[in-house]
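Rule-based calculations on the coordinates, nothing more; no lab input. Nothing here was measured: the structure is a model prediction, and the numbers come from that model. Glycine also receives a Cβ, built like all others from the backbone with ideal geometry; neighbour counts cover every protein chain displayed.
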Amino acid sequence: MSNIESVLNETRVFPPPEAMVKQANVSGMAAYKAMCDEAERDFEGFWARLARENLLWSKPFTKTLDESGAPFYKWFHDGELNASYNCLDRHLKTQPDKVAIIFEADDGKVTKVTYKELYHRVCQFANGLKSLGIKQGERVLVYMPMSIEAVVAMQACARIGATHSVVFGGFSAKSLQERIIDAGAIAVICADGQFRGGKEIPLKPAVDEALAMGGCESIRDVVVYKRSGSPVAMNAPRDKWWHDVTQGQAQDCEPTWVNAEHPLFILYTSGSTGKPKGVQHSTGGFLLQAMLTMKWVFDYKPTDVFWCTADVGWVTGHTYIAYGPLAVGATEVVFEGVPTYPDAGRFWKMIQDHKVNVFYTAPTAIRSLIKAGGDLPKKYDLSSLRILGTVGEPINPEAWMWYHETVGGSRCPIVDTWWQTETGGHMITPLPGVTPLVPGSCTLALPGIMAAIVDETGQDVPNGQGGLLVIKRPWPSMIRTIWGDPERYKKSYFPEELGGKLYLAGDGSLRDKETGYFRIVGRIDDVLNVSGHRLGTMEIESALVANSRLVAEAAVVGRPDDMTGEAVVAFVVLKGHRPTGDEAKALAKELRDWVAKEIGPIAKPKEIRFGDNLPKTRSGKIMRRLLRAIARGEEITQDISTLENPAILDQLKQTL
Ligand code: WT7
C-alpha cells in the first residue's frame, strides 16, 4: 500500500458560507467536534441518545450494543419498532397533507402524493401482500422502475416485516434468477415495463425468463404493476395485477413490530469473487443513520425539497429515497427518466420546476452533463439550490468546480459523501455548515464513525501515507452479515490479517498531512467502479466463460475512463483460432451483448482484446497487473521474469 500516493495536490479550500453555518443543524466546527468527543467519551451512550431521540420504538431498547458475537454486532437488540411506521404514521398527525413524493415521469408528467395518501397506499398494498399469505421474515424480490409504487412496495414489505431485496431494473433475467435463488424469495413485485429516455423497456418478460430458468420454485406470486400498459403474459394463478391485489383492501394496516435487528432488506452487490454478496441490513440501526445523515449531511429543513437521483435498485435509493427522506418527513422528488432526455438540461429544468433545495447525484452524471452541455444550467433558475451532494466514486476536481460554480452558483456547499452498500449510510463526508471543502476530498468522518487508515498488518499509518481504509468500531447501520454466508462476511470485512476486529472497506485511501482529510484513491480488491456502480471483475469473467461455445478463458481488468471513472477491459482467449479484423469485431460485439444478457448492460466490456493465451506465471496464475498496464497503454515496468509466455504481451497490446 505504500505505493498509494496522492497524485492530486489540491490547494483550493472553500469554507462554509457564514449564513449556512448560522442556520445549519450542525452549526460550526465546534459543534461537530463536540459530537465527535461525545462519541469518543461514551460511544454507546452517544448512539443510545440518538436512537431514543430519533426513532419511535414500540418497545424501548435497554441494551445499545451487543459485541458478544463480534463481528456479528447487534444494536438496540431488545427494542422493537417498525420502519414503515417510523416513515409514515409518525407524520399523520403533524403533517398529513404535506407532499411526500413529487414523481416526475419520463414524459414529464408530474404526480404528487401527500404523507396521508402514501400511508394509505402503503397500507393497502401491505394488506394485499398479507392476503397473498406473505409473512414476516419472508423475502420479497422487487424489480421495479423508478416510481411511487417502488417506494410503496418497499414500505409495504417493511410494514409487514417481510425482507425486501430490490434488484436494479437494468439487471438481466440471469442476475434476477441468481438473486431469487440466493435469497430464497417467495414473491416478486415488478412492473410490466418502464420508460426511460422516451423508450419503453419491458420488465415483466425478464421475470418470466428468470423463473423459467429453474431453481426459482420458491416463488409463489408475481405481482405486476401496470406502468406501460403493453401486453404481457400473465401466468395464472402465479401472476396477479397490482391493482387486483390492492382492490378492496383496507386503507389501514397495523404495522408488524419487529426486533431492531430484524432484516429490513437484503441488497446484492459485487465482491471479489464471481458470486454477488447479499448484504443484509437491520431495521433499527439502518433507519437511525438514514435519519441522522438526512439531518446532519443534507441539513434537512421542513420546507426543503430534496432530490436524490439514484435508482431504488442501489443502496443510495434505499437510504435516500425509500427511507431517510420519509423518516424525517421531507418532500422528495422521484424521477423515472434519464438526465439527457429530452435534452441534457432535464435535471436543471426539474430543479427549477420543483424548486429543489438539496440535490444529490453521481460524479459520472455530472461529467456526462458537462460534456453534453456545460452551459445548460445557466438557462435555468437554480436559485432554490442550497446544498449539492455527490456519491459513488471520487469526483475529479474539474467536475467538482463545475458543479460548484455552474450548478451551485458558488454558494452551495458540496457534500462529497463516501459510503458503501455495506455501511448503510454516509460515513465520511463534509457537513454543509461545518467543513471547509477541498475539491475531490470526502473530508472527515461523521461523529461516532471511527474511520482510519492502516497498513496490511492493521497498524495505523501516519497522515500523508496511503493505506487501507478501515472502520475501527461498529456503527448502527452497518452490514449484519452476507445473507446465507456468514463465513464470507467475516473473511471479506473482518480479515484475520488485520487482526479480525477492523472493518475493511476495500478502498485505498490517504489522509492529508495537515487537515487529516480523507481522499479515496480507489478499490484495492478486484472490484471496479464503473459510473459509480460496483462490478466484480470475477463476475464479468465468469459471465464471459459461461459462453462455452466461444470462450476458453477470460481476464477482466479496469482502466481509468474520463466519463465513467473506470471502464471494463476484457482479455479473451477463444476456443479455436484467434480472430482478427472484421471477424474479431463481430465476435467482440457478440460477447459484449452476451455479458449484457448475463449480468446487465452496465457490465458490458468497453473493450475486448483477443489473445492466443493470457500472461501467466509458471504456476498458472494470470498476471493481472500486466493486463492492467496493457489496458491502460502503459509501459510494462514490472518484473516479467516469472512469466511463462512473455511473447503474449505484444499480441495483447494490439487493439481491434
Ligand atoms: C464504493 C461503494 C454508497 C452508494 C453508492 C456506491 C466508492 C462511494 C465515494 C466517494 C470516492 C466513493 C468506493 C466505495 N465510493 N462513494 N464519495 N468518493 N469513492 O455504493 O456500490 O456499495 O460502492 O464506491 O470505492 O467502496 P457501492
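Count, please, the residues in segment 30-72 that happen to be touching a Gly at 6+ places or on another chain (Cβ under 9 Å) and assigned to a loop (DSSP other than H, G, I, E, B).
Total meeting the criteria: 10.
In segment 107-156, what residues are touching an Asp or Glu at 6+ places or on another chain (Cβ under 7 Å), assigned to a loop (DSSP other than H, G, I, E, B) and surrounded by 22 or more Cβ atoms within 10 Å (Cβ to Cβ)?
Pro145, Met146
Which residue out of Pro231, Pro237, Pro263 is closer than 16 Å to Ile186 by Cα and without any contact (Cβ under 8 Å) to a residue 24 or more places away in the chain?
Matching residue, one of Pro231, Pro237, Pro263: Pro237.
So Leu614 fits all but one of (1) over 30 Å from Met213 (Cα atoms); (2) within 31 Å of the chain's Cα centre (by Cα); (3) in contact (Cβ under 8 Å) with a residue 60 or more places away in the chain; what number is the exception?
(2)
Being buried (at least 21 other Cβ atoms within 10 Å of the Cβ), farther than 16 Å from Val223 by Cα and touching a helix residue (DSSP H, G or I) at 6+ places or on another chain (Cβ under 9 Å) narrows it down to one of Ile180, Ile102, so name that one.
Ile102
Would a scan of segment 261-271 turn up a residue that is crowded, with 24+ Cβ neighbours inside 10 Å, more than 29 Å from Ser131 (Cβ to Cβ) and either in contact with a Phe, Trp or Tyr (Cβ under 9 Å, 6 or more places away or on another chain) or not charged (D, E, K, R) (or both)?
yes
Pull up segment 382-409, narrow it to residues that are away from the ligand (no atom under 15 Å from the Cβ) and under 10 Å from Gly440 (Cα atoms), then point me to the one that is surrounded by the fewest Cβ atoms within 10 Å (Cβ to Cβ).
Glu398
Suppose we filter Pro462, Pro447 for residues that are under 24 Å from the mean Cα position of the chain (by Cα), away from the ligand (no atom under 12 Å from the Cβ) and in a loop (DSSP other than H, G, I, E, B); which single one remains?
So the residue among Pro462, Pro447 that is under 24 Å from the mean Cα position of the chain (by Cα), away from the ligand (no atom under 12 Å from the Cβ) and in a loop (DSSP other than H, G, I, E, B) is Pro447.
From Val454, Val461, Val434, which residue is touching a Ser or Thr at 6+ places or on another chain (Cβ under 8 Å) and not small (Gly, Ala, Ser)? Step through it out loud before you land on a result.
Values: Val454 fails: touching a Ser or Thr at 6+ places or on another chain (Cβ under 8 Å); Val461 fails: touching a Ser or Thr at 6+ places or on another chain (Cβ under 8 Å).
None of the other options fit; the residue is Val434.
Out of contact with any Asp or Glu (no Cβ under 9 Å at 6 or more places or on another chain), assigned to a helix (DSSP H, G or I), touching a residue at least 24 places away in the same chain (Cβ under 8 Å) and small (Gly, Ala, Ser): which single residue out of Ser84, Ser27 fits that description?
Being out of contact with any Asp or Glu (no Cβ under 9 Å at 6 or more places or on another chain), assigned to a helix (DSSP H, G or I), touching a residue at least 24 places away in the same chain (Cβ under 8 Å) and small (Gly, Ala, Ser) holds for just one of Ser84, Ser27, which is Ser84.
Just name the residue that is farthest from the chain's Cα centre (by Cα) out of those in segment 374-393 that are in contact (Cβ under 8 Å) with a residue 40 or more places away in the chain and farther than 21 Å from Ser531 by Cβ.
It comes out as Ser384.
Go through segment 537-555 and give me each residue that's within 13 Å of Val595 (Cα to Cα) and either in contact (Cβ under 8 Å) with a residue 60 or more places away in the chain or surrounded by 20 or more Cβ atoms within 10 Å (Cβ to Cβ) (or both).
Passing the criteria: Thr537, Met538, Glu539, Ile540, Glu541, Ser542, Ala543, Leu544, Val551, Ala554.
Do you know which of the residues in segment 348-359 that are surrounded by 22 or more Cβ atoms within 10 Å (Cβ to Cβ) and in contact (Cβ under 8 Å) with a residue 60 or more places away in the chain is farthest from Val297 (Cα to Cα)?
Among those that are surrounded by 22 or more Cβ atoms within 10 Å (Cβ to Cβ) and in contact (Cβ under 8 Å) with a residue 60 or more places away in the chain, it is Met350.
Being of a type outside the set (Val, Ile, Thr), touching a residue at least 12 places away in the same chain (Cβ under 8 Å) and surrounded by fewer than 22 Cβ atoms within 10 Å (Cβ to Cβ) is the requirement here; does Phe168 meet it? Before you say what the answer is, go through the steps one by one.
Working: of a type outside the set (Val, Ile, Thr): yes; touching a residue at least 12 places away in the same chain (Cβ under 8 Å): yes; surrounded by fewer than 22 Cβ atoms within 10 Å (Cβ to Cβ): yes.
Judged against the criteria, Phe168 is a match.
Out of (1) more than 24 Å from Tyr73 (Cα to Cα); (2) within 16 Å of the ligand (Cβ to nearest atom), the odd one out for Val470 is which?
Only one criterion in (1) more than 24 Å from Tyr73 (Cα to Cα); (2) within 16 Å of the ligand (Cβ to nearest atom) is unmet by Val470, namely (1).
Those residues that are more than 16 Å from the ligand (Cβ to nearest atom), touching a helix residue (DSSP H, G or I) at 6+ places or on another chain (Cβ under 7 Å) and part of a helix (DSSP H, G or I), I need them from segment 506-553; list them, please.
Ala543, Leu544
Can you name the number of the only condition in (1) in contact with a strand residue (DSSP E or B) (Cβ under 6 Å, 6 or more places away or on another chain); (2) within 12 Å of the ligand (Cβ to nearest atom); (3) more than 16 Å from Phe518 (Cβ to Cβ) that Gly425 fails?
Here Gly425 meets the rest and fails (1).
Just give me the residues in segment 577-635 being on the phi > 0 side of the Ramachandran plot and surrounded by 13 or more Cβ atoms within 10 Å (Cβ to Cβ), in sequence order.
Gly600, the sole residue that qualifies.
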